Structures are given as structure tokens and as C-alpha cells.
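Inspection log for the structure reproduced underneath, given as C-alpha cells.
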Amino acid sequence: MKKQISYEAAFNFGFSSFINNIFTFFMLWVSSLAIIAVALLLGLLFWIPFAFSLGLSNALPPTFSMFINPLGFLCSSAVLSFAVLLFYGFYHYQLVRFSLAIYEGNPLPWREFFVFPKSFFSFCIARLIRWLLICIGCILLFFPALYWACKYYFAGYSLVDETSSTIADDRASIRNLTKGVRWQLLGLLIIIYLLSMLISLTLMFAMPIVYLASTHAYKQLKEQDTSIEVTSSNN
């Protein structure tokens with residue numbers, strides 16, 4: 001049996017589940033904005049000493065001030081970049097986690113947004129590996145980037161639903177899951193990026209629709225894989 005992805009079923013699930021759980025997603029959105037506001041405040045407080053050092057640099061010997069200012073700038077930028085990446089990974093992880101729970105019929109309360117299950121860091125590493133492959137693919141004339149983006153589209157998902165326990169198991173599982181449907185996943189990617197551009201007009205409030213649709217596509221493939229395995233064992 002050939003695997004198929006129903007875009008209609010995925011996006012129907014995405015829109016309907018978003019509406020049915022709109023309070024939960026509203027609270028996640030507000031919580032995210034609050035976290036961003038706190039991070040910006042902390043970043044500002046972190047930059048104040050650096051600003052003072054710039055003001056005092058005229059009083060320092062030229063060689064010393066030339067060393068301390070770029071160093072302070074690089075350290076500040078590195079901390080800020082790491083914080084942004086960590087929050088992005090955290091937000092992505094939680095939306096996948098909430099979407100899987102909704103699909104399974106056990107929606108999580110919004111307060112679970114602040115819970116860090118054991119799979120969080122493994123998930124982040126799995127997604128980071130996918131993005132590194134995409135970046136390498138872009139250097140190699142772009143087409144490998146599309147291939148790896150589709151091949152590992154669901155990287156980390158099996159860690160969240162606990163069907164894999166390690167990153168290596170997750171990668172093997174996802175490669176098998178997307179085998180034979182990578183052109184369909186390219187179509188899904190295009191639709192999702194176009195939808196994300198529209199969603200940006202809502203200040204990302206409706207972003208869970210994308211994750212819910214992706215989760216439904218993931219579950220479609222998982223169920224078809226199970227069906228194929230059962231059919232093969234019966235034969």
C-alpha cells in the first residue's frame with residue numbers, strides 16, 4: 001500500500017482544533033509574549049553595563065578599550081542569540097507536544113506550557129541537526145536543502161510522543177516514515193510557509209494551526225506505517 005498525505009484532513013484538523021482549543025492557545029500566546037518581554041528586559045539590563053563601558057572607553061588606554069569593547073559586544077550577542085534559539089526550541093517543542101496531546105484526545109491545560117519533559121533537549125538537538133543539514137544543503141546548490149528538509153521534516157516528533165528514546169532512533173524512524181512521500185511533504189512545506197506568511201498578520205497568534213496540521217500529517221503516516229506492517233505480517 002502506497003502512503004499518502006491528505007492535506008485536506010491535516011488542515012481541517014488544524015483549523016478545527018485551533019478553534020476548539022482557542023483559550024489554551026491564547027494563554028500560550030500571552031505566556032510567550034510575557035517571556036519575550038522579560039527576556040528583552042533582561043537583555044536591556046545586560047547591555048547597560050556594556051553601554052557604560054563604551055562611555056568610559058575614552059578614559060582607557062586605546063589598546064585596552066579596543067579589546068574590551070568588541071569582546072563585550074561579542075559576549076552580549078552570543079548570550080542573546082543563545083537565548084533566542086533556546087526560546088524558539090522551547091516554543092516549537094511545546095506546540096508539537098500540545099498538538100500531539102490534542103490529536104490523542106487528551107488536551108493539555110495551558111499551564112503545562114511551563115513544564116520541561118525529559119525529551120525537550122533531545123528534541124532540540126534533533127531539530128538543530130535538521131537545520132544544520134538544511135544550511136549545508138543551501139551551500140550545495142539548494143536542492144539538497146529541500147531534500148533534507150522533507151526527509152527530516154518530522155525530526156524530534158517521535159521523541160515527543162515517546163515512540164523513540166534516542167536521537168538516533170528518532171532519525172531512523174523519521175527517515176522510514178517519510179520514505180515515499182517526500183514530494184508530498186514538499187507540497188505540505190510550501191502550503192505551510194504560505195500559511196505562515198498570512199499567520200504573521202495575527203502576530204503569530206494563529207501559529208498553532210501549522211503545528212496541528214503537521215502533527216496530523218505525522219500521525220497519518222504513522223498509522224499507515226502500522227497498517228503496512230500488520231498487512232506484511234499477516235501475509
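Between the residues Leu185, Ile209, Ala168, the greatest Cα displacement towards the positive end of the dipole of segment 137-235, with unit charges on the Cβ of Lys, Arg, Asp and Glu, is found for Leu185. Solvent-accessible surface of segment 92-224, taken per residue with a 1.4 Å probe and all protein chains present: 49 Å².
Working from label points 7 Å from Cα in the Cα-to-Cβ sense, the Asn20 to Tyr88 distance is 3.2 nm.
When each of the peptides 215-226, 147-158, 103-114 is scored by how many other beta carbons lie within 10 Å of its residues on average, the order from highest to lowest is 147-158, 215-226, 103-114. In a simple Cβ point-charge model (Lys, Arg +1; Asp, Glu -1; nothing else charged), segment 137-235 has a dipole of about 320 debye relative to its Cα centre. Remark: relative contact order (segment 154-235) = 21 percent; criterion is Cα-Cα distance under 8 angstrom and separation of 6 or more residues. Heavy-atom accessible area for Arg97, with the other protein chains in place and a 1.4 Å probe, reaches approximately 40 Å².
Computed over neighbours whose Cβ is under 15 Å from that of Gln4, the net charge equals +3, Lys and Arg +1, Asp and Glu -1.
Ignoring lysines fewer than eight residues from Lys2 along the same chain, the ones with Cα atoms less than 24 angstrom from its Cα are Lys151, Lys179, Lys219, Lys222.
The values are calculated or read from the model by the stated rules, or taken from the named source; none is laboratory data. Keep in mind that what you see is a predicted model, and the values were worked out from it rather than measured. As a convention, Cβ positions derive from the backbone with ideal geometry for all residues, glycine included, and neighbour counts pool all protein chains shown. Just the protein is used for accessible areas: all its heavy atoms, side chains included, with ligands, DNA and RNA removed. Shrake-Rupley method; radii C 1.70, N 1.55, O 1.52, S 1.80 Å.
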